[in-house]
Structure formats: structure tokens, C-alpha cells
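Everything on this sheet refers to the single structure shown next.
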Amino acid sequence: MNSEEARGPEPEGAGPGPRTGRAGKTGKGEESGKGDTAAGKAAGAAEADASGKGDASGKAPAPDKALAPDKPPAPGKAPAPAHGKNGSPARPKNPPKGEQTRALIIETALRLFRERGYDKTTMRAIAQEAGVSVGNAYYYFGGKEHLIQGFYDRIVAEHAVAVRPMLDKERDFERRFLGVLTAWLEVAAPYHEFASQFFKNAADPESPLSPFSPESESARGVSLGIHREVLAGSRAKVSPELVDAVPELMWLAQMGLVLYWVFDRSESNEKTYRLAERGARLTAHGVRLSRFRLLRPLVNEVHDLFKDFLPGMAETVARRAASRDTSD
């Protein structure tokens, strides 16, 4: 039985199915956190038998039509505000039922991850706490890995909102970069306790949780966009040949900071904040030095090193270059 059967048939009129990606490792069952899809099949069969629905094949129950998803907004983009007569703001409409259900499942999963830990939280437990069927939970998310992708999207969206006031008024490069780093730490702070639990999966280059994976491209793109704006809106002068390389190196520096934060057990992550300050200062020095023609090849060499050896970076660079060529 494949993963589509585990999630149940798609209801008529439903929006797009869940984000798809490489399946996680299986074989250790639901408690290990690595066999959720297989567990979902068994759970779906059990629910089908108990309710009298389904058949002997063990297919998971179809999602409730009342909870069928509408087409969600693009990741990281808020819908445009509606306006009433005479340009006055219209009364906000409730989000579509499917979008509400998807958000409810993510909220429930993040709460349980904090309370029970990532490994000990199962898809069945998430569905029960959210008040939806197991089949419906698998309809929106193929497993816990896909829920973490939803978490990534949420974090970068909240981060983009948090840095906006600072980016709108600050022009000093070092303070802009430091503001972006510290804002991320503040947004992510509530999830620090369970971050180390799923990091062991994110560190696997074959895992969809890796920040360099194709499944993480949406969140990665939003974050890279923030770093491009940090540079473009500052007073820093950068050679045109380094305009693309520097923001990507800044994003990689942020990934290094995140790795340190995951395992930082100092009071209120004080050591991570100090590392952010020193990292921003060092990066600002590097950007200033890059104006000298003699050092530009060194910056490009460092960028090419990451591009060639980090999975996902080469594809991201190639897509951006192709997009730029098309627009020209």
C-alpha cells in the first residue's frame, strides 16, 4: 500500500494535497517517530473497522468533506487586505475551513512536541488532540516530517514579520544583520526544548527536514530573501560580482548559529546571542574588506565551496540565475 492510500482518497472539490517529499526511514514503528506513514495505514484500517467504513484492504478513512482543504495561500505570503465601500477596511473573513484545519493540526503538533518530545509524539496522538480523524491528519501531512516543514514555513513567516520594523528604519549593515539573527532566536525560542530532538533527522542529508532539501526550498527562499534585503537596504558597498554571493553566505552563517542554538544550554541561550553579536561584527568586517579587488576572489572561492559541496545550494543558485536571465 502506498502513501496515497494511507492518507485516504481526495474528496471532491478539495484543494491540493499535502506537501510531498522523500519518505523518512521506516521499520521501527510509530513510537520511534520514523514509521509514521506505516502506522497511519494501520491506524486507518483500525478506524475503518471500528466505524464500519472502509474495506478489508485497510485503507485509511477518507477525510471528512467538511474539513476538505481549500487552496492555501502561497508560503510566506499573507493575503491582500480586503476593502469595503469608499476604501474602508472590510470586516475580515474567516479563513477557509481547510486552512483552519491545517493550522489546527500544526498548532496541536507543536504543542505536543513541546510537551512530550518529537520522538514520543505520534500522528495518532496529534489527530486525537486536534479532534480530527487519523486519515484526515495524513491527508494534510504525510507524516511528522511534513509537519516540521509546516513549522519551518511558520517560523520564517513570523521571522519576516518580526524583522520588518528594523529593516524599514535601520541602514547600518552590522545592526541590520544582527537584528535579523536575534529576531530569529526570539521567534524560535518557544521551540528550543524539542529542537534537538528533530535535529538528528534534519542533519541527515537524505531527510526532507534538512534545510538544504528540495522540501525546504520554500522556507529557504524566504530566509534568503531577508538576507538579500539586509544587504540591499544597508549603506554597505559591495562589488556587483558579490551581490548574490554575500547574502547566501549570510544565510549559511545563520544556519551555523541555529546549529549552535539547538545545543546551547546556557541561561536564556545567552551564549548564542553573544555568538550572533560577534558573527554580525565579523561579517560586517568581511563585507567592508570585500570592496578591495584583491579580496574579491577569496569571497567568491568561499561561496563556490559551499555551492559545490552543500546539497541544495547549487540548485538554488542555478534557479535564481535562470530566473534573472529570463527577466532580463
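The values are calculated or read from the model by the stated rules, or taken from the named source; none is laboratory data. Owing to the predicted nature of the structure, the values given are computational and were not obtained by experimental measurement. Positions of Cβ are generated from backbone atoms using ideal geometry, with glycine treated the same way; all protein chains shown enter the neighbour counts. To get the accessible areas, we keep the full protein, side chains included, count just its heavy atoms, and leave off ligands, DNA and RNA. Shrake-Rupley method; radii C 1.70, N 1.55, O 1.52, S 1.80 Å.
Out of segment 230-249, which residues are within 24 Å of the chain's Cα centre (by Cα), open to solvent by less than 30 Å² (accessible area, probe 1.4 Å) and modelled with pLDDT under 95?
Within segment 230-249, 245, 246, 247, 248 qualify.
Looking at 196, 223, 213, which one is within 29 Å of residue 266 (Cα to Cα), crowded, with 17+ Cβ neighbours inside 10 Å and small (Gly, Ala, Ser)?
Answer to the check: 223.
Of 263, 292, which residue is in contact with a helix residue (DSSP H, G or I) (Cβ under 7 Å, 6 or more places away or on another chain), over 23 Å from residue 224 (Cβ atoms) and either surrounded by fewer than 14 Cβ atoms within 10 Å (Cβ to Cβ) or touching a residue at least 24 places away in the same chain (Cβ under 8 Å) (or both)?
None of the others qualify; the one that does is 263.
When you go through (1) under 23 Å from the mean Cα position of the chain (by Cα); (2) surrounded by 14 or more Cβ atoms within 10 Å (Cβ to Cβ); (3) farther than 21 Å from residue 110 by Cβ one by one for residue 256, which number turns out not to apply?
Going through (1) under 23 Å from the mean Cα position of the chain (by Cα); (2) surrounded by 14 or more Cβ atoms within 10 Å (Cβ to Cβ); (3) farther than 21 Å from residue 110 by Cβ one by one, residue 256 breaks only (2).
Only one residue in 183, 195, 189 is within 22 Å of residue 226 (Cα to Cα), at pLDDT below 95 and in a helix (DSSP H, G or I). Which one? Let's see the steps before the verdict.
On the way: 183 fails: at pLDDT below 95; 195 fails: within 22 Å of residue 226 (Cα to Cα).
Among 183, 195, 189, only 189 is within 22 Å of residue 226 (Cα to Cα), at pLDDT below 95 and in a helix (DSSP H, G or I).
Mind listing whichever residues of segment 151-205 are of a type in the set (D, E, K, R) and farther than 19 Å from residue 234 by Cα?
153, 154, 158, 186, 193, 200, 204
Tell me which residues, restricted to segment 128-158, are closer than 13 Å to residue 106 by Cα, of a type in the set (Ser, Thr, Tyr) and open to solvent by 20 Å² or more (accessible area, probe 1.4 Å).
Answer for segment 128-158, where residues must be closer than 13 Å to residue 106 by Cα, of a type in the set (Ser, Thr, Tyr) and open to solvent by 20 Å² or more (accessible area, probe 1.4 Å): just 152.
Among the residues of segment 155-171, what is the count of those that are without any contact (Cβ under 8 Å) to a residue 12 or more places away in the chain and among the aliphatic types (A, V, I, L, M)?
1
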